[in-house]
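Taking it in order: structure first as structure tokens, then the write-up.
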There are 2 protein chains.
Amino acid sequence: MSHSVGQVAGFAGVTVRTLHHYDDIGLLAPSERSHAGHRRYSDADLDRLQQILFYRELGFPLDEVAALLDDPDADPRAHLRRQHDLLTARIERLRKMAAAVEHAMEARTMGISLTPEERFEVFGDSDPVQYEDEVRERWGDTDAYRQSRERTASYTKDDWKRVTEELDALHLRMADLMSAGAAADSGEAMDTAEEHRLFITRAYYDCGHEMHTCLGEMYVADPRFTRMYEDIRPGLAAYLRDAIVANAARHGG
Amino acid sequence: MSHSVGQVAGFAGVTVRTLHHYDDIGLLAPSERSHAGHRRYSDADLDRLQQILFYRELGFPLDEVAALLDDPDADPRAHLRRQHDLLTARIERLRKMAAAVEHAMEARTMGISLTPEERFEVFGDSDPVQYEDEVRERWGDTDAYRQSRERTASYTKDDWKRVTEELDALHLRMADLMSAGAAADSGEAMDTAEEHRLFITRAYYDCGHEMHTCLGEMYVADPRFTRMYEDIRPGLAAYLRDAIVANAARHGG
DNA sequence: GCTTGCACCTCACGTGGCGTGAGGCCCCAG
DNA sequence: CTGGGGCCTCACGCCACGTGAGGTGCAAGC
């Protein structure tokens with residue numbers, strides 16, 4: 001059951017040109033060509049296309065999509081989970097924007113005017129330079145810091161947006177686990193902690209379990225981190241730390 | 001209280017280059033220049049920038065953003081309302097995508113495989129050519145049809161996506177009014193009907209109240225339309241028709 | 001057998017929304 | 001008077017395609 005470009009373009013809702021493009025850049029090469037040189041897409045190709053379109057919808061540049069999909073140690077379920085996380089994070093962002101619009105409407109009918117900072121806070125400053133100096137002071141001479149600098153150096157605004165969205169989604173999932181009454185050393189909580197660690201490894205620097213545990217301790221020790229997590233949901237800082245510790249113990253022994 | 005490019009870029013979360021670009025294309029020209037030729041943004045400019053960023057986030061190309069914002073008969077409240085509609089529509093879409101991901105996860109754990117059409121239906125085929133022939137048959141010799149052809153001829157995929165999203169949002173608002181128990185001839189329902197009419201005028205063709213009433217009647221008469229509306233919420237087709245009729249009567253006399 | 005039409009093919013240039021220097025001006029602090 | 005920070009104006013680069021132009025393979029109708 002193979003399909004032609006036109007058919008695939010039809011039910012995937014993209015143009016033929018797009019499929020040609022994906023073939024050109026090696027993102028989606030049809031697994032076969034007909035006698036006349038026509039592209040023939042197998043069901044596996046369609047699977048891949050669906051994944052591509054999801055990640056594209058979520059704002060990933062095509063080369064990163066290729067990197068994600070060609071990552072050998074990322075099974076299909078991991079992709080689906082990440083996509084779900086990203087979607088929920090984006091929904092959350094849009095809800096905040098909608099709330100901001102409502103706020104603006106109220107302010108307008110009441111005749112109140114807002115400060116510049118208030119106006120734009122919804123767009124998520126996500127200022128990555130916020131604690132720059134202090135971070136360098138504390139961690140400047142470590143490998144992790146250098147790696148982090150290297151990887152994040154080429155991050156664009158959009159990259160930062162996606163990274164923070166994904167992190168938000170992870171925090172939200174952890175908070176939901178907590179609210180649902182799952183123990184911090186339950187399988188699900190530890191799995192989420194492990195994903196948190198892998199995310200840091202992907203986005204910032206190689207984060208082993210030991211390093212991860214340090215991070216967890218910092219979340220409850222440093223009031224700024226604590227507050228950030230408590231703002232997401234009360235009790236989350238400690239819960240996250242416990243889940244991280246439990247996960248490290250699981251992998252350690 | 002005027003601000004420099006750097007400051008504005010700072011709290012708006014955009015780059016200086018972006019502001020330069022918006023100045024170049026005439027989308028956001030700072031209302032003043034300093035002695036040294038430096039851009040100075042007033043509070044009104046910030047207002048406009050906020051609107052720009054909202055519409056941009058929602059996927060509008062910049063020239064359309066300019067058209068929307070420079071539209072003389074669109075007050076600020078209309079913008080806020082439209083933005084809110086678009087946001088809710090987008091949230092709805094993302095929720096459906098998230099549901100599709102969950103569905104895919106289930107299917108995978110169950111070991112079921114999906115048909116190509118099933119796989120991609122979430123991306124919203126939104127096939128605008130669906131009833132093309134029949135539409136031409138019934139309306140081909142009217143002015144409205146010709147206008148509609150002209151306006152939609154240059155619509156891209158993205159344009160269609162936004163149009164359907166906005167329409168969905170309107171339907172959803174109407175459905176919520178109905179569910180909340182508002183009468184079809186209440187002020188809010190009529191206002192929403194009026195927005196529906198204006199939307200059609202913007203997106204497709206000049207739709208007067210008479211024409212609008214015809215549309216409303218068709219929604220209850222043609223089973224395909226009826227079903228579409230009933231799928232959104234039971235009773236919506238008739239409710240929408242009534243609201244349209246009431247709104248036309250209000251403007252007629 | 002011949003043409004008509006359709007879906008496909010391969011270049012190859014165009015476009016939108018900026019990113020990213022290059023080179024220079026203004027102004028204040030040391 | 002020299003350095004540095006923030007601003008300025010070109011002007012070229014990039015990504016994800018859109019949009020022809022010009023040609024091929026194949027089934028259907030004349």
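Across segment A:1-109, C-alpha contacts under 8 Å between residues 6 or more apart give a mean separation that, scaled by the residue count, equals a relative contact order of 19 percent. The fraction of accessible area contributed by carbon and sulfur in segment B:72-123 is 51 percent, rounded to a whole number (1.4 Å probe; ligands and nucleic acids excluded). Springs join every pair of Cα atoms under 10 Å in this Gaussian network model of chain B, and among B:A221, B:A36, B:A203 the largest mean-square fluctuation is at B:A36.
Close amide H pairs (under 5 Å, H built 1.01 Å from N) link A:R39 with A:V5, A:S34, residues at least 5 positions away or on another chain. Given a 1.4 Å probe and every protein chain left where it sits, what share in percent of the accessible area of segment B:5-70 is carbon and sulfur? Roughly 51 percent of what the probe reaches on segment B:5-70 is carbon or sulfur. The calculated 222 nm mean residue ellipticity attributable to helices in chain A amounts to -23000 deg cm²/dmol, summing -39500 (n - 2.57) over DSSP H runs of n ≥ 4 and dividing by all residues.
Residue order by solvent-accessible surface for A:H20, B:H196 is A:H20, B:H196, largest first, with ligands and nucleic acids left out and a 1.4 Å probe.
With its label point defined 7 Å out from Cα along the Cα-to-Cβ axis, B:A183 lies at 6.1 nm from the matching points of the other copies, in increasing order.
With the alpha-carbon atoms of chain B aligned to their principal axes, the span from lowest to highest coordinate is 67, 62, 40 Å, starting with the largest. Rounded to the nearest 100, the interface formed by chains B and A buries 4200 square angstrom of accessible surface, both chains summed, with a 1.4 Å probe.
Based on C-alpha pairs under 8 angstrom that are at least 6 apart in sequence, segment A:1-54 has a relative contact order of 38 percent. Ellipsoid semi-axes for the protein assembly as shown, based on the Cα gyration tensor and the rule √(5λ), read 42, 32, 24 Å when sorted largest first. For segment B:32-46, backbone phi angles converted through the Karplus equation (6.51, -1.76, 1.60; θ = phi - 60°) give residue-by-residue couplings of 7, 10, 6, 3, 8, x, 7, 5, 10, 9, 7, 5, 5, 4, 5 Hz, Gly and Pro being listed as x.
Surface exposure of segment B:1-129, expressed per residue as accessible area with a 1.4 Å probe, stands at 51 Å². For the rotation that carries chain A onto chain B, the axis lies closest to a Cβ at A:I91, 3, where the number is the distance in whole Å. Per-residue 3J(HN,Hα) values for segment B:5-17, derived from phi via the Karplus relation 6.51 cos²θ - 1.76 cosθ + 1.60 with θ = phi - 60°, read 3, x, 4, 4, 4, x, 7, 8, x, 10, 8, 4, 4 Hz in sequence order (x marks Gly and Pro). Couplings for segment B:77-93, taken from phi via the Karplus curve 6.51 cos²θ - 1.76 cosθ + 1.60 with θ = phi - 60°, read 5, 4, 4, 4, 5, 4, 4, 4, 4, 4, 4, 4, 4, 5, 4, 4, 4 Hz in order; Gly and Pro are left as x.
For segment A:150-213 and segment A:23-89, compute the distance between their C-alpha centroids and round to whole Å. Distance between centres, Cα-based: 23 Å.
Under 14 Å of direct C-alpha separation, and excluding same-chain neighbours fewer than eight residues apart, A:K157 reaches these aspartates and glutamates: A:D125, A:D127, A:E165, B:E57.
Residue-normalised convex hull volume from the C-alpha trace of segment A:24-68: 67 Å³ per residue.
I need to check one value: relative contact order of chain A, counting alpha carbon pairs closer than 8 Å and at least 6 residues apart, in percent. 13 percent. Sorted from nearest, the other copies put their B:A221 label points 7.6 nm away, the label point being 7 Å from Cα in the direction of Cβ.
FRET efficiency for the A:R40 to A:R202 pair, using the beta carbon distance and R₀ = 30 Å, is estimated at 0.30.
Between this copy and the others, label points of B:E118 are 5.2 nm apart in ascending order, each placed 7 angstrom from Cα in the Cβ direction.
The values are calculated or read from the model by the stated rules, or taken from the named source; none is laboratory data. Treat the numbers as computed from the prediction; the structure is a model and nothing was measured. As a convention, Cβ positions derive from the backbone with ideal geometry for all residues, glycine included, and neighbour counts pool all protein chains shown. Accessible surface areas use protein heavy atoms only, side chains included; no ligands, DNA or RNA. Shrake-Rupley method; radii C 1.70, N 1.55, O 1.52, S 1.80 Å.
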